[in-house]
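> Please read through the structure below; I'll follow up with questions.
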Amino acid sequence: MPAVAKPTFDEACNRFRKLLTDTRWPEELVWLQPNDVLVTGQRFFFIKSPAPVGNLAHYRNQFETGMDRELGVSIYALTKSKTTTYCFVWTPADEDESVRYIMPITGDYLKIGIPTRRSMLLAKEIRSRICWAYLKYRHKSKQKFREQLFG
């Protein structure tokens with residue numbers, strides 16, 4: 001059986017967009033990191049908008065590093081708006097974490113996904129830096145939970 005080639009970041013994003021199209025999610029991708037999100041303790045969270053432009057380069061690098069380590073790479077959607085899918089790349093820290101998260105460790109090492117309707121949290125974009133600072137202060141005790149969105 002011939003070896004399956006590992007996808008590039010752009011190829012993986014195209015596969016992710018195909019999944020989004022097939023499930024009627026927006027194809028435009030915005031890459032979020034934990035610091036771009038404020039957890040509220042409710043069934044919604046806040047998103048800093050616009051997201052920092054460096055997020056794409058960060059996740060491209062994380063993707064490539066993850067592919068080199070061969071422990072699996074996940075591209076996952078957090079939530080969506082009418083025009084945008086908010087997403088991130090996740091890679092396991094070690095082989096044990098790779099097994100616990102059922103990561104593909106053969107083939108192309110790629111796992112893509114979107115939340116189900118029941119598991120998806122709603123999000124509200126915050127464009128004002130002053131409003132972001134206020135919300136960050138107001139919800140500071142809940143931010144220890146935001147890492148759970150990204151893994």
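The values are calculated or read from the model by the stated rules, or taken from the named source; none is laboratory data. Owing to the predicted nature of the structure, the values given are computational and were not obtained by experimental measurement. In this analysis, Cβ positions are derived from the backbone assuming ideal geometry, glycine residues included, and neighbour counts consider all displayed protein chains.
> Give the residues of segment 83-104 that are surrounded by fewer than 19 Cβ atoms within 10 Å (Cβ to Cβ), of a type in the set (A, V, I, L, M, F, W, C) and assigned to a loop (DSSP other than H, G, I, E, B), sorted by residue number.
Passing the criteria: Ala93, Ile102.
> Within segment 105-151, how many residues turn out to be part of a helix (DSSP H, G or I), more than 19 Å from the chain's Cα centre (by Cα) and not small (Gly, Ala, Ser)?
Qualifying residue count for the region: 11.
> Being hydroxyl-bearing (Ser, Thr, Tyr) and within 15 Å of the chain's Cα centre (by Cα) is the filter here, so list the residues in segment 22-60 that pass it.
Tyr59
Residue by residue, here is whether (1) in contact with a helix residue (DSSP H, G or I) (Cβ under 8 Å, 6 or more places away or on another chain); (2) of a type in the set (Ser, Thr, Tyr); (3) without any contact (Cβ under 8 Å) to a residue 12 or more places away in the chain; (4) crowded, with 17+ Cβ neighbours inside 10 Å holds:
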| position | (1), (2), (3), (4) |
| --- | --- |
| Thr8 | no, yes, yes, no |
| Ala12 | yes, no, no, yes |
| Arg15 | no, no, no, no |
| Thr21 | no, yes, yes, no |
| Arg24 | no, no, yes, no |
| Trp31 | yes, no, no, yes |
| Val37 | yes, no, no, yes |
| Gln42 | no, no, yes, no |
| Ile47 | yes, no, no, yes |
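> Sticking with this one: Could you tell me how many of the residues in segment 69-82 are at pLDDT 95 or above and either closer than 17 Å to Asp108 by Cβ or surrounded by fewer than 17 Cβ atoms within 10 Å (Cβ to Cβ) (or both)?
Of the residues in segment 69-82, 4 are at pLDDT 95 or above and either closer than 17 Å to Asp108 by Cβ or surrounded by fewer than 17 Cβ atoms within 10 Å (Cβ to Cβ) (or both).
> Identify the single condition in (1) of a type in the set (Ser, Thr, Tyr); (2) farther than 26 Å from Pro50 by Cβ; (3) at pLDDT below 95 that Ser141 does not satisfy, given that it satisfies every other one.
(3)
> Consider Gln62 carefully, then state whether it is surrounded by 12 or more Cβ atoms within 10 Å (Cβ to Cβ), on the phi < 0 side of the Ramachandran plot and not charged (D, E, K, R).
So Gln62 fits the description; yes.
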